[in-house]
Amino acid sequence: MKFISQFLLWGTRVTNMSRPPGIRAESGIAMRLPFLSRILRVVAVTTVVAAGMASQAVPPADAAPAALPAGQETTIPTEPTVGLAESLFQLPPASYPALIRQEKPVPGWRVETDGRILGVIGSTWELVGSAGYSGRPLDVLIAVSPGGRIVGAQLMRHAEPVLTLGISDAAIASYVQGFRGYDIHRPDKGTGAPDVISRATVTTGVIRDGILRTARILAGAQGQNGVIDRVSYAPASWAELEGMGALVHARVSMADAAAAMPTARPEILPSDGPWFEMWTGILDTPTVGANLLGQQQLTKVAADLQPGEALLGIFSRGLQSHRGTEYRRAGRFDRIAITQDDTRLVPASDAYISIPRLAIEGAPELKERSVFRFNADPATGGIDLTRPFNVTITTTRAGPDGATLALPISAEVTLPDAFRVVAPEPELPLWQRFWIEKRPQIAVVGAMLAVLGLILFGQEWLVRRPLLWRRLRLGYLTATLLVLGWGLNAQLSIVQVIAFLHALVFGFQWETFLIAPLIFVLWSAVALGMLFWGRGVFCGWLCPFGALQELTNAIAQRLGVRQIAVPQALHERLWVIKYTLFVALVALSFYSMEKALVMAEVEPFKTAISMHFVRPWPFVLFVAILLGAGLFIERFYCRYLCPLGAGLALPAKLKIFDWLKRRPQCGRECRLCETKCPVGAIDPLGRINPNECVLCLRCQVIMNDPGTCPVLKRRTRGGDRIPPLPTAPATPAAPPPIIPSQVPAGAHDGVASAPPPAFQSRQVKP
């Protein structure tokens, strides 16, 4: 810090030496330079302390793996551990579930314990490519049960500034875990999805969207694309299940069988007794399965279900059996056929479970009770449960001459609408939902931009009215601070510039930036404004923290706080700080986004604007020091420390127009604008530096005010009146045109031989 003091004193000497004779820095400046040195010393120390606290706020390695260096992220998702699987599925410690990596039907990890499938764990980064506002992977592991319910979720990887520095890890963990219990198929029942967190709307919105989209994919892969409602339950009797179509009845009497097989041996005696009678239906939904089998028996039966399978119940009585005994030798139930169009399935013996008794009331006397697992995935050759299918039992009897007679009995099974899960309508993309939700706020920002456009396009008229300009500027800055900043949280940041640069390098996606409507609108306006006016469109009018600095300095000047005039040589050398910060932040972000976000705490925007000063004391102290310095040096942070302003100054060189006027006397005869410029953007020669100008129009007001501008004052008094230029003589009228005529022959004879009078020689007599 001693070096800084020496640097300041040296700058004063250089400035005094560079001034014309008789002009020196104000006598009080040298006395105030130690004060400026102390300000810079405290700013540096506070920045180091705040950065240290910010680095401690980064999630520990066991909570979220450290982000890979920039450019090294791949599509390889974070792999879950056994302990994580126990936590997601809420298993007792030391359960040691099996994690089986699968690629079909969707990539993920199937979790099993004791031969029972608990569900599938999937990665949002692998399945939906969820990327945060920083453009980097945002990976959340989601555990989804076969019934389509989220049983657990945990954030594994991120590079989001709001997560690293803005809100606590506990708040994010609580937010992600809040999705536990959410039913993808029945979002209106049970636990709902948590809303986004204020002050972290974009990032938590991306997390929410990634979790729900991934859960739908995992639920669809496990649960017949969400056809069957495996959650809802209502008590029902046997008759009620028949009435709602959950059980389909088919009956063939002895008389019907005798008529169909008259040559059967032994002969079938006609009667009203059942030759074969059955009830069949889908048992997956709890209203059917739990009422028929009991919850315990249903859980046991459903535990063996594989992804894409469903349960078919067949309950029968009569002379014939739907099972027979051949399955023990053949390994499949040849008597049973499940058909739909060209698809024909025959249950295997290992897909059969015998039910000793039913738990439902009102059930008829039954001879056999069976449950079969069958393929219900049309993509793999199974039955489409959204359409009717047939269950056929082939009954047989011996015929003459050793022949076998067959009597097939079929029942058409249809999944009742009450037990179907209606596929949710496709949701709008997340960025479109944000734009719809933010329409009032977008209108407010649009109105402010329209007013700013009128101010800048009408600056020639405005700068000739100093009082109106002053009131309009202070009013607009107040609106910028209160509305854009503290109200709408629309503070642009260097983090967004870094995210844009990374998107250009690693893959640009409009959706990444469209998810923040207000920020997108502001950046679009700033980009367009830089082509016309330079970076001052943002820095001078749309930056809430810049407005806070200028307003507090205006109050300080009104209270008589004496301003410090920084020597020009020192002033220009202090610019190096903000440009160095900008280059360092960009370079560091390509090595480690996490470390760059910690370093980005040099921006006080998050503390002063986004977080409303509700942060640990080093951050608040850092902002207080910057604002305190701004009471003596107008826009102190903008002048020397703002990396965002430095970043905007580079493309601002491409501006098309130069609408800020200067006079030949500026810098030679008058330097008032130089001393009044809030950021010191005017050099001693009167030139405006577009890299530093914030477009406040103060210099334009001064040079157009006859009561302020010394040049205009002298002209008014006549001391600088320029004599009028002499009037040029009138131009004589052009002679009439000469009309050529024919000259008579001999008219010029003898003229050529006579010498002209002027050339006749005269002899001078002595």
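The values are calculated or read from the model by the stated rules, or taken from the named source; none is laboratory data. On a predicted model such as this, the values are computed, not experimentally measured, just so you know. Because the Cβ atoms are built from the backbone with ideal geometry, glycine has one as well, and the counts that use them run over all protein chains shown.
Against the conditions (1) surrounded by fewer than 17 Cβ atoms within 10 Å (Cβ to Cβ); (2) over 20 Å from I314 (Cα atoms), R397 satisfies every one except (1).
Taking region 214-255 only, how many residues are charged (D, E, K, R), assigned to a helix (DSSP H, G or I) and surrounded by fewer than 18 Cβ atoms within 10 Å (Cβ to Cβ)? Total meeting the criteria: 2. Residues in region 308-359 that are polar (S, T, N, Q) and under 56 Å from the mean Cα position of the chain (by Cα): T339, Q340, T343, S349, S354.
When you scan region 473-480, do you find a residue that is aromatic (F, W, Y), surrounded by 14 or more Cβ atoms within 10 Å (Cβ to Cβ) and farther than 19 Å from W533 by Cα, even just one? Let's see the steps before the verdict.
Taking region 473-480 first, the residues aromatic (F, W, Y) are 476.
Still in the list and also surrounded by 14 or more Cβ atoms within 10 Å (Cβ to Cβ): 476.
From the residues that got through so far, the ones that are farther than 19 Å from W533 by Cα too are none.
No - not one qualifying residue is present in region 473-480.
Just one residue in the set L531, L542 is under 18 Å from R635 (Cβ atoms) and either over 25 Å from the mean Cα position of the chain (by Cα) or surrounded by 19 or more Cβ atoms within 10 Å (Cβ to Cβ) (or both); that residue is L542.
Within region 361-406, take every residue that is among the basic types (K, R) and more than 25 Å from A303 (Cα to Cα) and give me the one that is nearest to the chain's Cα centre (by Cα). The selected residue is R387. For L428, the test of being outside any helix (DSSP H, G or I), under 55 Å from the mean Cα position of the chain (by Cα) and within 30 Å of R208 (Cα to Cα) is passed.
Apart from one condition, D114 fits all of (1) surrounded by 14 or more Cβ atoms within 10 Å (Cβ to Cβ); (2) at pLDDT 75 or above; the exception is (1).
For region 606-657, a residue qualifies if it is of a type in the set (F, W, Y) and crowded, with 22+ Cβ neighbours inside 10 Å, and the qualifying residues are F619, F622, F636, Y637, Y640.
Residues that are in contact with a Phe, Trp or Tyr (Cβ under 9 Å, 6 or more places away or on another chain) and surrounded by 15 or more Cβ atoms within 10 Å (Cβ to Cβ) within region 453-472 comprise I455, L456, Q459, L462, V463, listed in sequence order. Checked against the criterion of being surrounded by 20 or more Cβ atoms within 10 Å (Cβ to Cβ), aliphatic (A, V, I, L, M), in a helix (DSSP H, G or I) and out of contact with any strand residue (DSSP E or B) (no Cβ under 8 Å at 6 or more places or on another chain), region 689-701 contains one or more residues that satisfy it.
Evaluate region 153-170: report whether one residue or more is at pLDDT 80 or above, within 30 Å of S493 (Cβ to Cβ) and not in a strand (DSSP E or B). Steps first, answer last, please.
The first filter runs over region 153-170 and keeps only residues at pLDDT 80 or above, leaving 153-156.
Among the residues that remain, those that are also within 30 Å of S493 (Cβ to Cβ) are: 153-156.
Remaining after also requiring not in a strand (DSSP E or B): none.
So far as region 153-170 goes, no, none of its residues is at pLDDT 80 or above, within 30 Å of S493 (Cβ to Cβ) and not in a strand (DSSP E or B).
Entry remark, region 345-368: residues being crowded, with 16+ Cβ neighbours inside 10 Å and farther than 24 Å from V252 by Cα number 4 in total.
Summed over region 374-405, residues that are assigned to a strand (DSSP E or B) and under 29 Å from S253 (Cβ atoms) total 13. Close Cβ contacts (under 7 Å, 6 or more residues apart or on different chains) running from residues in region 80-91 that are of a type in the set (V, I, T) to residues that are not in a loop (DSSP other than H, G, I, E, B) comprise V82/L99.
So for region 127-149 (the condition being part of a strand (DSSP E or B), of a type in the set (K, R), closer than 20 Å to R216 by Cα and touching a residue at least 12 places away in the same chain (Cβ under 8 Å)), does at least one residue qualify? Yes; the residues of region 127-149 include at least one that is part of a strand (DSSP E or B), of a type in the set (K, R), closer than 20 Å to R216 by Cα and touching a residue at least 12 places away in the same chain (Cβ under 8 Å).
Could you grab me the full set of residues in region 303-341 that are of a type in the set (D, E, K, R) and under 15 Å from A406 (Cβ atoms)?
Passing the criteria: E326, D334, R335.
Residues that are over 42 Å from the mean Cα position of the chain (by Cα), part of a loop (DSSP other than H, G, I, E, B) and not basic (K, R) within region 634-682 comprise P664, Q665, G667, E669, listed in sequence order. Every condition in (1) surrounded by fewer than 18 Cβ atoms within 10 Å (Cβ to Cβ); (2) in the same structural domain as G546 (by TED's automatic domain parsing); (3) of a type outside the set (D, E, K, R); (4) in contact (Cβ under 8 Å) with a residue 60 or more places away in the chain is met by G487 except one, and the failing one is (4).
The one condition from (1) at pLDDT below 90; (2) surrounded by fewer than 17 Cβ atoms within 10 Å (Cβ to Cβ) that A596 does not meet is (2).
What is the residue count in region 369-393 for residues that are of a type outside the set (S, T, N, Q), surrounded by fewer than 17 Cβ atoms within 10 Å (Cβ to Cβ) and at negative phi?
Within region 369-393, the first condition is being of a type outside the set (S, T, N, Q), and the residues that meet it are 369, 371-374, 376-379, 381-385, 387-389, 391, 393.
Okay, now just the ones that are also surrounded by fewer than 17 Cβ atoms within 10 Å (Cβ to Cβ), so 379, 381, 387-388.
Then keep just the ones that are at negative phi; that gives 379, 387-388.
Total satisfying the criteria: 3.
Taken together, the residues in region 499-526 that are touching a Leu at 6+ places or on another chain (Cβ under 6 Å) and among the hydroxyl-bearing types (S, T, Y) amount to 0.
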